[in-house]
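One structure is given here, and the rest of the page talks about it.
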Amino acid sequence: MLKKLLPATWWSRVIWIAVTYIVAADFLPTLLLVIINSVGYLPYSDRPGPGWQMPHLPTGQELGFFAGFALLLLTPTAIYALAFAAAGLALGFCRLPHWALRAISAPPAFLAAGVLMAGVGWYIAIAAVGPYIAAGCAVVWALFVFPALVPRMTRGLPMAARLALPIALGVGGTYLLLMPLLPDSALTNAKVEVIKKDAAGTELSNLDLSYVGPAIGQQAKGPGKYVPLYWMKFTTDDRNQVRVLLVIDDDQPAPHVFVLPRTGDVIYRQSQGKWTQERTGGSSSKLSLELSPDPSGGVQVHIKGPCCSSLSEHFAPGR
């Protein structure tokens, strides 16, 4: 009986994959949020914040609010729905059993709906229950609706392609959805110190470089006396750690952009107006330091790239 209700043509099934995904990832979760709100739990708001309230029937204003949110969620959900529709069409040529279609579609459906609800829900300060509901509805869709709608093409792909394509779609789709949620390994946490040659300073071998670490002080070489000009510390969402020492041997700092490594100790030295790298660290990160002279005789340092969770900087006393 159920099979008779399903669309017969492949193109209609592909359309219904997109339509039902929109219902499962957008309209159904929004309807459930309305019910939860009526039961007595406010599932959004930054002030006073999500929490329990008196049970009540939804007002016209509340229904209008949730309808507007569903429309806001519709566009990005439709984009993902088209991706699932295209995947369903491709899987139709693989002629897979329903259990395999469920295994392939459930993880990306769960992630896509949860990320969509969390991302768009940021505008209304949605509670955690919103993304979980959307992800759960999408999983139910992937387990029961999607396998039934995938068309079964009369001409199948060669056996090797039947195995490779589903794996590529399932693993690739899941990875692309997980990737933005993972820490960026190309970021780094950094401690930076800038020192400058000065006759009234301290011998480099005796200069206190504990801010960037004692090890880097042992690696810094060169005759002359130096004074500290500037210290910086910043953190990112990754665990990589780099320590940077900038040594200025000239009277005036020269502007330069330093591409930071991800880890290790790195020393840059300016001599005769040119910067050279005396000690290199690991592979390059996505962060750079832009150094420029300051009118007061010191330096200004700016971070270029996706930073930071926290940032602190200090200038030498009396600069």
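Look through SER309, SER271 and report the one residue that is open to solvent by 30 Å² or more (accessible area, probe 1.4 Å) and within 25 Å of the chain's Cα centre (by Cα). Among SER309, SER271, only SER309 is open to solvent by 30 Å² or more (accessible area, probe 1.4 Å) and within 25 Å of the chain's Cα centre (by Cα). Among the conditions (1) polar (S, T, N, Q); (2) touching a residue at least 24 places away in the same chain (Cβ under 8 Å); (3) over 14 Å from LEU187 (Cβ atoms), the only one that GLN277 does not satisfy is (2). Is it fair to say LEU229 is open to solvent by less than 80 Å² (accessible area, probe 1.4 Å), in a strand (DSSP E or B) and free of Cβ contacts under 8 Å to residues at least 60 places away in the same chain? Here the answer is no, as LEU229 does not meet what is asked. Restricting attention to region 144-156, which residues are over 17 Å from ALA83 (Cα atoms) and open to solvent by 40 Å² or more (accessible area, probe 1.4 Å)? Those that are over 17 Å from ALA83 (Cα atoms) and open to solvent by 40 Å² or more (accessible area, probe 1.4 Å): PHE144, ARG152, THR154, ARG155. Taking into account only those residues within region 157-171 that are more than 16 Å from ALA103 (Cα to Cα) and not in a loop (DSSP other than H, G, I, E, B), which is most open to solvent (accessible area, probe 1.4 Å)? Checked region 157-171; the qualifying residue most open to solvent (accessible area, probe 1.4 Å) is MET159. Got a sec? Which of ASP265, ASP208 is outside any strand (DSSP E or B), among the acidic types (Asp, Glu) and within 16 Å of ILE195 (Cα to Cα)? One residue alone meets the criteria, ASP208. Restricting attention to region 52-76 and to residues that are under 26 Å from ALA112 (Cα atoms) and of a type in the set (A, V, I, L, M), the residue that is nearest to the chain's Cα centre (by Cα) turns out to be LEU73. ARG95 meets all of the listed conditions (1) open to solvent by 10 Å² or more (accessible area, probe 1.4 Å); (2) on the phi < 0 side of the Ramachandran plot but one, namely (2). The numbered conditions (1) within 30 Å of ALA87 (Cβ to Cβ); (2) open to solvent by 60 Å² or more (accessible area, probe 1.4 Å); (3) in contact with a Phe, Trp or Tyr (Cβ under 8 Å, 6 or more places away or on another chain) are all true for TRP11 except (3). Note on region 172-206: residues that are out of contact with any helix residue (DSSP H, G or I) (no Cβ under 7 Å at 6 or more places or on another chain) and either open to solvent by 90 Å² or more (accessible area, probe 1.4 Å) or among the hydrophobic types (A, V, I, L, M, F, W, C) (or both) amount to 17. SER205 meets each of the listed conditions (1) over 16 Å from GLY264 (Cα atoms); (2) touching a residue at least 24 places away in the same chain (Cβ under 8 Å) apart from (2). Taking region 98-132 as the search range and keeping residues that are touching a helix residue (DSSP H, G or I) at 6+ places or on another chain (Cβ under 9 Å) and among the aromatic types (Phe, Trp, Tyr), which one is most open to solvent (accessible area, probe 1.4 Å)? Restricting to residues being touching a helix residue (DSSP H, G or I) at 6+ places or on another chain (Cβ under 9 Å) and among the aromatic types (Phe, Trp, Tyr), the top hit is TRP99. Among the residues in region 40-50, are any open to solvent by 60 Å² or more (accessible area, probe 1.4 Å), assigned to a loop (DSSP other than H, G, I, E, B) and of a type in the set (S, T, N, Q)? Within region 40-50, none of the residues are open to solvent by 60 Å² or more (accessible area, probe 1.4 Å), assigned to a loop (DSSP other than H, G, I, E, B) and of a type in the set (S, T, N, Q).
The values are calculated or read from the model by the stated rules, or taken from the named source; none is laboratory data. In this text, all values refer to a predicted model and were calculated from it rather than measured experimentally. We place every Cβ from the backbone using ideal geometry, glycine too, and count neighbours over all the protein chains shown. With ligands, DNA and RNA removed, areas are computed over all heavy atoms of the protein, side chains included. Shrake-Rupley method; radii C 1.70, N 1.55, O 1.52, S 1.80 Å.
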